[in-house]
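The values are calculated or read from the model by the stated rules, or taken from the named source; none is laboratory data. Since the structure is predicted, the reported quantities are computational estimates derived from the model, not experimental observations. Cβ atoms come from the backbone with ideal geometry, glycine included; neighbour counts cover every protein chain shown. Quick note on the areas: whole protein, heavy atoms, side chains included, nothing else; ligands and nucleic acids left out. Shrake-Rupley method; radii C 1.70, N 1.55, O 1.52, S 1.80 Å.
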Amino acid sequence: MTRPLPRGGTLVLAGTAGTAIANNYALQPALSAVAADLGAPLSVIGLVPTAALVGCMAGFAVLLPLADHVAPRRLVTAQLTALAAALGTAATASGPALLLASYLLIGAATSVAAQAGNIAGRHARPGRRGTGVATVAAGMSAGILLSRVAGGALADALGWRRMLLVFAALVLLCAAAARTLLPRQRPRTDLGYRATLASLPPLLRHHPPLRRAVATGGLWYFAFNLVWVALALALAQPPHSLGPTAIGLYSLAGLLGFAALPLAGRLTDRHTPRAVITTGVLAAAAGTALLATGLSRPPVTALGLALFDAGCFAAQAANQSRVITLDPRRSGSLSSVYLVLYFTIGALGTALAAPLLDALGWRGITVTAIAALLLAATLGRPGGERG
């Protein structure tokens, strides 16, 4: 029998998920400062978020299934320790090559955020599984939301290198808490680790709704990364010329997206994932249309970002619910396949942000994002299942 988490265990997992995933985004407001410090082109340093997402994708593919085989205390502590070491290496980088390599490792280690959700669900007390998973999801969302604010402020106050060391220290604190509170019990499974990995690719072939979920989710995550990375780069350039702290403050507009998560969950249960996905994606497209009017009016930009984030967050919550309900007994494997492909398409958005901004300008970025969102809304309409 699986032992439930001790008191405070779910909160530790939520804090771990948020602290870990924040490291994929915290450096974004300071990318211009990093480029100047290393004497590297901004187009090259702009690949740092891409490296983080590629690493995270690899972690979802290779490390997420370990949650079915390794004791939570050992697994989470080891990955957080590796994450802290990779952050320390990035802080000492003397050139873009080492920085990008470090962020590949950082991204892989941040996949512990997805493992935290799996552990919270598996070790929840009877009747509390949904609450446990939702708590970790909220922590993860808070980490994404606040990472740019904290990263920008710390980079301005301490420099980007010391900012990374502060985040490394926070990660080690989470590792200590995980070692103290998480279960030592090893999960029981009939499949070995290699057999689990081998069983993942056929899932995409056997579940057409999984393919649809990947396509729709990937499109709005492509738009999400394209807009946020390009926004950080555009605000750092003339005529705005904002510093990392000011750029990071724009992420506070995402508070509406964070607040939308509980509502999206209730609406998904009451109606259908399809309805919530379509509504969310259209709201995100409306927010992007506001952003297309330019960045010279901060209130309008903030409103556009709020609608954009709320729509993407709500659609993602409903889409993950749809994936899990395809086969609850294999929800971990289904989620692994979904997240790998979801982040693959999202990484493409981060990679294209800098070159598209140079070639098409901010208006071109928003038009591209709107096109991706409208295509996601179209693909998401057929084949919805009841929540």
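Students sometimes get this wrong: rank ASP37, ASP327 by accessible area, probe 1.4 Å, all chains present, largest first.
ASP37, ASP327
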Over the chain, what is the relative contact order in whole percent, taking alpha-carbon pairs under 8 Å and six or more residues apart?
-> 25 percent
In deg cm²/dmol and to the nearest 500, what is the mean residue ellipticity at 222 nm of the chain if only DSSP H runs of at least 4 residues count, each as -39500 (n - 2.57), divided by the residue total?
-> -26000 deg cm²/dmol
Heavy-atom accessible area of HIS240 with all protein chains present, probe 1.4 Å, nearest 10 Å²?
-> 60 Å²
Report in % the part of the accessible area of the chain that belongs to carbon and sulfur, leaving out ligands and nucleic acids; probe 1.4 Å.
-> 66 percent
Label of the coordinate-derived value, mean projected area of the Cα convex hull in nm², listed as (1) 19.2; (2) 17.1; (3) 21.9 = (2)
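Hey, can you find the accessible area per residue of the chain for me, probe 1.4 Å, expressed in square angstrom?
41 Å²
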Protein chains only, probe 1.4 Å: how do TYR103, TYR193, TYR250 rank by accessible area, largest first?
-> TYR193, TYR250, TYR103
State the extension gain, in nm to one decimal, for the chain segment bounded by ARG363 and LEU255, taking 0.36 nm per residue of separation less the distance between their alpha-carbons.
-> 36.4 nm
Using θ = phi - 60° and the Karplus relation 6.51 cos²θ - 1.76 cosθ + 1.60, list the HN-Hα couplings for region 236-245 in order, rounded to whole Hz, with x at every Gly or Pro.
-> 7, 9, x, x, 7, 6, 7, x, x, 5
Amide hydrogen neighbours beyond the local backbone of GLN237, cut-off 5 Å, H modeled = LEU242
In nanometres, the difference between 0.36 nm per residue of separation and the alpha-carbon distance of SER241 and LEU172 is 21.4 nm
Within the chain, what's the longest stretch lacking trypsin sites (Lys or Arg not before Pro) that sit in DSSP loops with no more than 12 other Cβ atoms inside 10 Å?
-> 189-385
